[in-house]
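See below for the structure under consideration.
Values quoted throughout were computed directly from the atomic coordinates according to the rules given, and no laboratory measurement underlies them. Because the structure is predicted, anything quoted here is derived from the model rather than measured. Cβ placement follows ideal geometry from the backbone for every residue including glycine, while neighbour counts extend to all protein chains displayed.
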Amino acid sequence: MVSFCEQSEDELLRMAACLEEHFPHSMAKAVVEAARKRGLEHEEMHSKVNYIVAHGISSTIEGKRVVIGSHHFVFEDEKCSVREPWIRQFETLPEECSLLYLAIEHELAAVVCIEDPLRKEAADVVRALKATGLEKVVMMTGDSEKTAASVARRVGVDAYYSEVLPEDKAKFVEQERASGRTVIMIGDGINDSPALSAANVGIAIRDGAQIAQEIADITISAENLWEIVMLRRLSEALMRRIQKNYRSIVGINATLILLGVTGILQPTTSALLHNMSTLTISLTNMKNLLDEN
């Protein structure tokens with residue numbers, strides 16, 4: 001918590017937690033958890049809370065308008081400003097953190113710096129996905145340009161987009177699909193739901209928002225990103241098996257029909273061979289798909 005006013009960090013964190021406790025977003029949970037660890041009580045001291053998806057929260061506390069949310073929401077939508085004594089401090093905020101901006105009466109009061117460390121397997125997973133034949137891996141985030149650039153550089157994605165809104169994500173997915181590409185969207189928040197719905201395949205994270213899991217085609221656990229690579233390999237192996245089965249069945253049946261028409265095989269023999277081939281292919285398909293990889 002970085003203060004930009006005369007109030008104490010604890011008081012500002014208590015205020016932030018009071019606003020954020022009503023919402024399921026991962027950053028909101030982090031704020032509430034930080035207040036709990038400090039032993040700060042944040043009872044209902046605000047008026048009705050107005051939640052703007054992908055932007056932030058606004059309310060009134062002790063007669064003063066208070067907003068908390070993204071840089072875009074606080075500084076562009078709400079027209080808040082940084083007071084002169086704190087401008088230098090504002091310019092040196094850590095770029096590796098996700099930032100939540102808290103403003104009171106249109107002046108920045110605090111910035112909540114939330115450590116969102118990269119998964120140790122993230123860069124390896126991106127490389128493994130590219131190795132399976134994916135043409136492009138793109139990161140879209142509501143975080144600032146500095147934070148997004150830092151993460152993108154370390155992970156190794158092909159492109160990134162910062163400070164994007166839910167409709168921006170969905171529009172990007174739709175444009176990629178319109179150009180003939182197959183799009184897999186991975187997300188865990190309410191903000192990701194439109195893009196998950198627009199993608200060819202939507203993958204949600206189990207610990208994320210419930211609506212994202214309901215919209216997505218697949219839900220994976222949050223413990224290991226390698227599950228994404230496993231899904232990709234499973235789908236490739238399944239397609240190879242389907243194509244192999246199709247060729248085998250068409251080839252065998254065409255041969256049996258030809259031999260039957262020419263009188264080389266009796267109908268009973270042809271039927272027996274057909275059933276045997278079907279049984280053999282069925283038994284072969286019981287093998288684990290991952291063994292093929």
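Read through the labelled values [x] 19; [y] 28; [z] 36 and report the label of the one computed as percent of Cα pairs over 36 Å apart from the structure.
Checking each listed value against the structure points to [z].
Separation between the N285 and E41 pseudo-spin-labels, each 7 Å from Cα along Cα→Cβ, expressed in nm?
Here the answer is 6.4 nm between the modelled labels.
So, in nm, how far is label S235 from label I114 when the simple model puts each one 7 Å beyond its Cα toward the Cβ?
Modelled inter-label distance: 2.8 nm.
In the range 120-153, whose amide N lies under 14 Å from the spot 7 Å out along Cα-to-Cβ of E95? List them in ranges.
Under cut-off, by backbone N: 144-153.
Among A209, A109, A222, which one shows the highest mean-square fluctuation when the chain is modelled as a Gaussian network with alpha-carbon springs under 10 Å?
In this elastic network of the chain, the residue with the biggest mean-square fluctuation among A209, A109, A222 is A222.
Can you tell me which of 153-165, 186-198 comes out highest on packing, and rank the rest after it, using the mean Cβ neighbours within 10 Å? Mind showing how you got there, number by number?
Working: 153-165: 16.0, 186-198: 22.5.
The most tightly packed comes first, giving 186-198, 153-165.
Can you tell me which of T141, T268, T182 moves the most in a GNM of the chain? Springs connect C-alpha atoms under 10 Å apart.
In this elastic network of the chain, the residue with the biggest mean-square fluctuation among T141, T268, T182 is T268.
Rounded to the nearest 10 degrees, what's the angle between the helix 226-261 long axis and the longest principal axis of the chain, both from Cα atoms, 0 to 90?
20
Counting other beta carbons within 10 Å of each residue's own, what order do Y246, Y101 fall into, fewest first? Kindly include the intermediate steps, with their values, before the conclusion.
On the way: Y246 10, Y101 26.
Ordered by Cβ neighbours within 10 Å, fewest first: Y246, Y101.
If you stretched the chain out fully between R127 and S8, how much longer would it get, using 0.36 nm times the residue separation minus the C-alpha to C-alpha distance?
Working: separation 119, 0.36 × 119 = 42.84 nm, distance 4.46 nm.
Full extension from R127 to S8 adds 38.4 nm.
Go ahead and set up a Gaussian network model of the chain, Cα springs under 10 Å, then flag whichever of L272, L231, L93 fluctuates most.
Answer for the Gaussian network model of the chain: L272.
For I61 and T268 in one chain, what is 0.36 nm times their gap in residues minus the Cα-Cα distance, to one decimal in nm?
Values: separation 207, 0.36 × 207 = 74.52 nm, distance 8.59 nm.
Taking I61 through T268 to full extension adds about 65.9 nm, to one decimal.
Give the separation of the Cα centroids, the range 67-96 to the range 189-255, in Å.
Taking the Cα centre of the range 189-255 as reference, the centre of the range 67-96 is 40 Å away.
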